[in-house]
Structures are given as structure tokens and as C-alpha cells.
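In what follows, a single structure is set out as C-alpha cells and then discussed.
The values are calculated or read from the model by the stated rules, or taken from the named source; none is laboratory data. Nothing here was measured: the structure is a model prediction, and the numbers come from that model. With ideal geometry, Cβ positions are generated from the backbone for all residues, glycine too; neighbour counts draw on all protein chains shown.
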Amino acid sequence: MRAISTEPVLELADVHVRIGGSHVLQGVSLAVAPTGVTALLGRNGVGKTTTLRAVVGLVPRTGSIRLAGDEIGRGRTPWVVRQGVGYVPEDREVFATLTVAENLRLACPDPEPERAALVHELFPELAERSRQRAGTLSGGQQQMVALARALLPPSRLLLIDEPTKGLAPRLVTEVAAALERVAQVTPVLLVEQNLPVVRRLAGDVVVLDAGRVVHAGRADELLADAGRTRELLGVGSKS
Amino acid sequence: MSTFVLLLATGLGLGALYFLVASGLSLIYGLMGVLNFAHGAFLAAGAYAAWWAAAGGLPGAGGDGWGFVLATAFGVAVGAVIGASVELLLIRPLYRRHIEQVLVTVGLGLVGVALLRGIWGADPLPFPRPEVAAGVTTIGGAAIPNDRFVLLVAAIAVLLGLLALLRFTRIGLIIRAGVENRSMVEALGIDVRRTFTLVFALGGAVAALGGVLGSVYLGSVSPGQGTSLLIFAFIVVVIGGLGSLTGSAVAAVVVGLVQQLANYYTASGVGDLSVVLLLALVLLVRPGGLSGRAAA
């Protein structure tokens with residue numbers, strides 16, 4: 001029987017990001033659990049999206065970023081992604097002029113059968129719409145394409161940025177269910193504003209404020225404390 | 001009637017030449033956002049390389065038959081190597097610095113012309129005319145020089161080849177995705193820089209082919225040849241819609257025909273003016289060009 005690793009899949013230590021004249025991340029240090037979902041929370045503009053972009057190298061960063069113990073913080077984006085970091089950006093960023101099949105083929109021309117089966121199981125609608133241009137899909141369908149695109153390659157970690165943003169309540173439930181299944185296969189660092197979704201999915205939470213980590217711990221413990229949640233996130237934890 | 005047919009064939013041939021030059025520009029701008037003002041130097045370098053090869057510089061090459069095919073292939077290869085080298089050495093360090101890119105490519109264009117002038121002189125050199133291009137074909141009573149057809153066949157082959165590359169290959173898929181969202185392509189683990197080099201090489205190769213066939217059409221090769229063709233190629237790219245190959249193909253035909261017909265039916269020189277007026281009209285009515293793609 002193989003021992004389950006408890007070492008973090010991702011560790012950030014003293015990560016700084018400066019964009020233009022702004023010091024957006026000011027020494028972020030955090031760890032992502034090797035299984036399940038770790039939620040990255042905080043008010044708007046505190047650096048959540050920038051943290052994910054820093055991990056994949058889409059913004060210039062300093063500090064240490066380790067994936068399963070290996071330093072990836074100095075690599076360019078394509079190399080970081082090929083080390084096993086899947087990225088689902090805010091607003092999906094599917095290639096609108098390409099078909100669904102082309103979007104998926106671009107991400108992974110030859111997926112492992114288990115990965116392809118998982119995508120088919122989670123998003124059966126994509127097979128029916130494989131020849132449709134991604135730009136003509138609904139927001140929920142585009143989110144499915146974006147998630148499938150990150151799932152097909154053999155990722156060791158998924159970074160998912162606000163997957164339920166702008167979706168109708170029914171679709172939020174569907175996406176949350178899909179993420180729950182995804183997290184059984186690959187650990188996820190999730191940026192999410194929807195606290196019921198966080199409550200359903202996340203085991204751990206990290207809270208950012210003004211480019212710094214101000215809280216890290218169990219998700220259920222934070223969300224059970226309405227006062228602390230309001231203090232950190234500016235919203236109530238009920239609903 | 002025969003005059004009109006001849007004008008039509010010449011306009012189409014000229015349009016084909018413009019397309020050969022414009023297609024590389026369009027691909028490079030579409031994927032990389034680089035306005036390559038050195039493209040004319042690629043064209044002239046390819047033409048001079050083919051001339052040198054045909055003049056005995058390359059064993060087996062010559063001014064006719066397979067010898068000319070080999071000389072042309074050599075010119076195209078030189079264009080590709082120059083394109084790839086320029087991307088690797090000069091453009092890559094300047095990604096996302098568009099003003100500097102423009103300055104570098106303008107400078108490179110000037111240096112290229114000066115270099116060719118320094119080596120082979122400023123005067124036009126007679127360019128070999130293979131037998132297939134030297135003859136005429138009579139259509140509708142008009143004796144049409146075959147070089148027009150050679151240009152047309154080459155342009156159609158390049159258009160179909162590039163469209164097939166974009167539609168059916170992984171490189172084409174990466175190029176199409178990169179035109180839309182370069183960062184996201186990289187976020188899928190794909191190193192777009194390799195594709196940039198390839199696209200520059202491809203642009204250089206097609207420009208060189210345009211240089212060789214343009215020299216056959218003109219009967220000579222000169223250092224400034226690329227620069228004068230480049231102006232019309234830019235007009236074609238803007239009218240067609242920046243980054244659109246099919247838009248460029250249609251625009252090239254329109255520009256070639258307008259230029260020829262205006263020159264003949266009004267006065268010499270009015271053709272160039274008509275093309276500029278056409279550009280202004282298209283930009284006023286449809287700023288994104290025929291394909292609707294405007295500069296970012």
C-alpha cells in the first residue's frame with residue numbers, strides 16, 4: 001500500500017509581483033494541499049488572480065515557487081505548464097474562432113485515455129458540440145471547454161480562477177459538481193468569490209489582503225466564524 | 001477587347017505578385033503584431049540569391065528548366081534563413097516593444113538595400129527569363145506573356161498551401177490560436193516563440209519567391225525592388241484586413257487590377273494614385289479592411 005503524501009503540491013515563499021508602478025504581491029507565502037481544493041479568497045483587487053498568474057509565469061515575479069518540491073518560479077509559462085500546472089483563467093479565454101475540438105486538441109493533441117474519459121464523463125455536451133466555434137457557446141459551455149482544456153494534459157495541479165463568475169445558479173451547481181469530481185483526481189488551487197461553492201469544495205483556505213496572506217487554515221473553521229469571515233472578506237458566510 | 005484582356009491578365013499577375021509579398025507580412029503581423037518593414041529586403045535578398053545561383057554561383061542551377069527551379073529554391077531558402085535569423089536575433093529581444101520593432105525593421109530594410117547596392121551595384125541586373133515564362137498565350141485575341149500565368153499559379157499555390165497549413169496542421173492551429181490570444185496559447189504549455197521563428201522563416205521564403213518571380217516579370221533585379229513592392233504590399237494587407245490571408249488575396253487582385261486599368265485608361269502614374277485613394281476609401285468605409293480586422 002502506497003503512503004499518501006502530505007507534502008504540499010505547491011509552495012510559494014516570499015513571492016513579489018510588480019506591475020507598472022504597483023507592488024501587487026508583497027511577499028506571498030502559501031501552501032496548497034496535495035489533495036482536494038485549496039481556496040484562495042479575498043476582496044476584489046487583493047492579488048488573487050495575480051497569484052495564479054505568477055505561478056504560471058504570466059507576470060514577472062520574484063521569490064520561490066515550488067511544485068512538488070521542484071523550483072518552477074524562474075521558468076517561462078510554457079515550461080511551467082509542461083511541469084504539470086493546468087491553468088483555467090478568469091473569463092475562460094477560450095479561442096473563440098476555433099471549434100471546441102480544436103480548443104481541446106490545442107491543449108493536448110493526444111490525451112491519455114483515462115483523462116479523455118474523465119472529460120467525456122464530466123462534460124458530455126462537449127462531444128456533441130465538438131465542431132461548434134467556441135465563441136458561439138454560452139458562458140457555462142465555455143467554462144466547460146476551459147476546464148476540459150486544463151484537464152486533458154496530465155496535470156499535477158490545477159489553478160482555477162473564478163469558474164462560476166457570471167454563470168446562472170443552475171450552471172454554478174453544475175460547475176461546482178464538476179470541480180468536486182476534478183479535485184478527486186488532481187489538487188486544485190481555486191480562486192472563488194461564491195462562498196457556498198467554497199464551502200462545498202474547499203478543504204483549506206488562504207486569504208489575501210493588499211497583496212499579503214492574512215489567514216490560512218481550514219475552510220470549515222473560517223466559514224463557521226461569521227465575524228471573522230466578514231472581517232477578512234467583507235461578506236457574510238451564510239447562504 | 002484584346003487590350004482589355006491583356007490589362008486584366010497583367011493586373012491579375014501584378015496582384016499575384018503583391019499577394020506573394022503581402023502574405024508573409026500578413027502572417028507575421030497576424031501572429032506577432034510585428035509590422036515588418038524589412039520584408040522588402042527579404043524579397044530583394046531572395047531575388048539576388050536566385051540571380052547569383054542562376055549565374056553560375058550554385059552548381060546545377062541555371063537560367064532555365066530545372067536549373068532555374070533550383071536557383072529559385074535557393075533564393076527561397078535564403079529568404080527563409082534570413083527571416084528566421086532576423087526573428088531570432090533582432091525581433092525576439094523586442095517582443096511587445098512595438099516602436100523599437102518598427103525602428104529595427106526600418107533600419108534593417110535600409111541596411112539590406114545598402115548592402116545589396118554595395119555588393120552588386122545600384123544598377124538593375126538582367127534577370128534570367130526561363131522559357132516557360134518567356135512565351136505568350138493568346139486569349140480573346142490578346143497575346144498575354146506567360147510570366148503573368150506563372151505569377152498567378154505561384155500565388156494560388158502559396159495561398160492554398162498556407163490555408164492548408166493553417167487549417168490542417170498543428171502549427172496552423174497554434175498560429176490561429178496565437179493570432180487570437182498569444183498568452184493563453186503559452187498558458188497551455190505551447191512555446192509560441194518557436195512558431196514565431198517559423199512564421200518569420202515562412203514569410204521570408206514567400207517574400208523571396210515573390211522577389212524571384214517579380215524579377216522574372218520585370219526582367220531585372222535591383223536593390224530597391226523590394227522597397228517599392230513593399231509599399232503596395234502594405235496597402236494590400238491593410239485593405240485586406242491585417243492578419244487575414246484571404247482578405248489579402250482579394251485585396252491584391254483588386255489593387256493590381258485598379259492600378260493597371262487606371263494607368264491605361266487615364267494617364268501613367270494615376271494607377272498608383274488610384275490605389276492610395278482606394279486605401280483611403282476602404283479605411284473610411286470599413287476601417288478593419290475587407291476581412292474586418294483592424295490593427296490592435
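Which is surrounded by fewer than 23 Cβ atoms within 10 Å (Cβ to Cβ), more than 14 Å from chain B (Cβ to nearest Cβ) and touching a helix residue (DSSP H, G or I) at 6+ places or on another chain (Cβ under 6 Å), of A:24, A:46?
Only one candidate qualifies: A:24.
Please determine, by comparing only the residues of region A:71-88 that are buried (at least 22 other Cβ atoms within 10 Å of the Cβ) and of a type in the set (A, V, I, L, M), which one is nearest to residue A:139 (Cα to Cα).
A:88
Looking at (1) part of a loop (DSSP other than H, G, I, E, B); (2) within 15 Å of residue B:206 (Cα to Cα), which is the one condition that is false for residue B:46?
Exception for residue B:46: condition (1).
Find the residue count for region A:99-128, including only residues that are over 19 Å from the mean Cα position of the chain (by Cα) and farther than 16 Å from residue B:186 by Cα.
The number of residues fulfilling the criteria is 17.
Kindly establish whether residue B:231 is more than 14 Å from chain A (Cβ to nearest Cβ), aliphatic (A, V, I, L, M), closer than 19 Å to residue B:28 by Cβ and free of Cβ contacts under 8 Å to residues at least 24 places away in the same chain.
When the stated conditions are applied, residue B:231 passes them.
Hey, among A:18, A:2, which residue is out of contact with any strand residue (DSSP E or B) (no Cβ under 6 Å at 6 or more places or on another chain) and at pLDDT 95 or above?
A:18
Kindly provide the set of residues from region A:135-188 that are polar (S, T, N, Q) and in contact with a Cys (Cβ under 9 Å, 6 or more places away or on another chain), ordered by number.
Residues of region A:135-188 polar (S, T, N, Q): A:136, A:138, A:141-143, A:155, A:164, A:173, A:184, A:186.
If the condition is that a residue be polar (S, T, N, Q) and in contact with a Cys (Cβ under 9 Å, 6 or more places away or on another chain), then no residue fits.
Here is a list: A:89, A:34, A:8, A:111. Which entry is touching a Ser or Thr at 6+ places or on another chain (Cβ under 6 Å) and not β-branched (Val, Ile, Thr)?
Just one listed residue meets the conditions, A:34.
Can you name the residue in region A:89-98 that is surrounded by fewer than 18 Cβ atoms within 10 Å (Cβ to Cβ), at negative phi and under 22 Å from the mean Cα position of the chain (by Cα) and is also farthest from the other protein chains (Cβ to nearest Cβ) among such residues?
Checked region A:89-98; the qualifying residue farthest from the other protein chains (Cβ to nearest Cβ) is A:90.
Restricting the search to region A:124-150, which residues are more than 22 Å from residue A:194 (Cα to Cα) and either assigned to a loop (DSSP other than H, G, I, E, B) or within 13 Å of another protein chain (Cβ to nearest Cβ) (or both)?
A:129, A:130, A:131, A:132, A:133, A:134, A:135, A:137, A:149
Scan region B:171-185 for residues that are facing another protein chain (nearest Cβ under 7 Å), under 13 Å from residue A:96 (Cβ atoms) and of a type in the set (A, V, I, L, M, F, W, C) and jot them down.
If the condition is that a residue be facing another protein chain (nearest Cβ under 7 Å), under 13 Å from residue A:96 (Cβ atoms) and of a type in the set (A, V, I, L, M, F, W, C), then B:177, B:184 are the ones that fit.
Pick from B:116, B:151: which is surrounded by 22 or more Cβ atoms within 10 Å (Cβ to Cβ) and within 19 Å of residue B:16 (Cβ to Cβ)?
B:151
So that you can scan it fast, the table gives a plain yes or no per residue for (1) over 30 Å from residue B:172 (Cα atoms); (2) buried (at least 24 other Cβ atoms within 10 Å of the Cβ); (3) more than 14 Å from chain A (Cβ to nearest Cβ):
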site	(1), (2), (3)
B:195	no, no, no
B:218	yes, no, yes
B:226	no, yes, yes
B:236	no, yes, yes
B:268	yes, no, yes
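Which residues, taken from region A:66-82, are more than 9 Å from chain B (Cβ to nearest Cβ) and touching a strand residue (DSSP E or B) at 6+ places or on another chain (Cβ under 7 Å)?
Once the filter is applied, which keeps residues that are more than 9 Å from chain B (Cβ to nearest Cβ) and touching a strand residue (DSSP E or B) at 6+ places or on another chain (Cβ under 7 Å), region A:66-82 yields A:66, A:67, A:71, A:72, A:73.
Tell me the residue from B:205, B:177, B:143 that is farther than 16 Å from residue B:248 by Cβ and surrounded by fewer than 16 Cβ atoms within 10 Å (Cβ to Cβ), please.
Going through B:205, B:177, B:143 in turn, the sole match is B:143.
What number of residues within region A:53-71 are farther than 28 Å from residue A:164 by Cα and free of Cβ contacts under 8 Å to residues at least 60 places away in the same chain?
Number of matching residues: 5.
Just wondering, is there one or more residues in region B:155-170 that are facing another protein chain (nearest Cβ under 10 Å) and either under 20 Å from residue A:150 (Cα atoms) or modelled with pLDDT of 95 or more (or both)?
Yes, region B:155-170 contains a residue that is facing another protein chain (nearest Cβ under 10 Å) and either under 20 Å from residue A:150 (Cα atoms) or modelled with pLDDT of 95 or more (or both).
Of the residues A:204, A:209, A:225, which single one is under 29 Å from residue A:7 (Cβ atoms), within 17 Å of the chain's Cα centre (by Cα) and of a type in the set (Asp, Glu)?
Being under 29 Å from residue A:7 (Cβ atoms), within 17 Å of the chain's Cα centre (by Cα) and of a type in the set (Asp, Glu) holds for just one of A:204, A:209, A:225, which is A:204.
More than 28 Å from residue B:131 (Cα to Cα) and either among the aliphatic types (A, V, I, L, M) or part of a helix (DSSP H, G or I) (or both): which single residue out of B:27, B:20, B:8 fits that description?
Values: B:20 fails: more than 28 Å from residue B:131 (Cα to Cα); B:8 fails: more than 28 Å from residue B:131 (Cα to Cα).
Within the list B:27, B:20, B:8, the selection yields B:27.
With A:58, A:118, A:106, A:40 as the choices, which residue is within 14 Å of chain B (Cβ to nearest Cβ) and either over 29 Å from residue B:195 (Cβ atoms) or outside any loop (DSSP other than H, G, I, E, B) (or both)?
A:106
Select, from B:113, B:158, B:150, B:102, the only residue that is in contact (Cβ under 8 Å) with a residue 12 or more places away in the chain and farther than 30 Å from residue B:257 by Cβ.
Numbers: B:113 fails: farther than 30 Å from residue B:257 by Cβ; B:158 fails: farther than 30 Å from residue B:257 by Cβ; B:150 fails: farther than 30 Å from residue B:257 by Cβ.
Sole residue among the options that is in contact (Cβ under 8 Å) with a residue 12 or more places away in the chain and farther than 30 Å from residue B:257 by Cβ: B:102.
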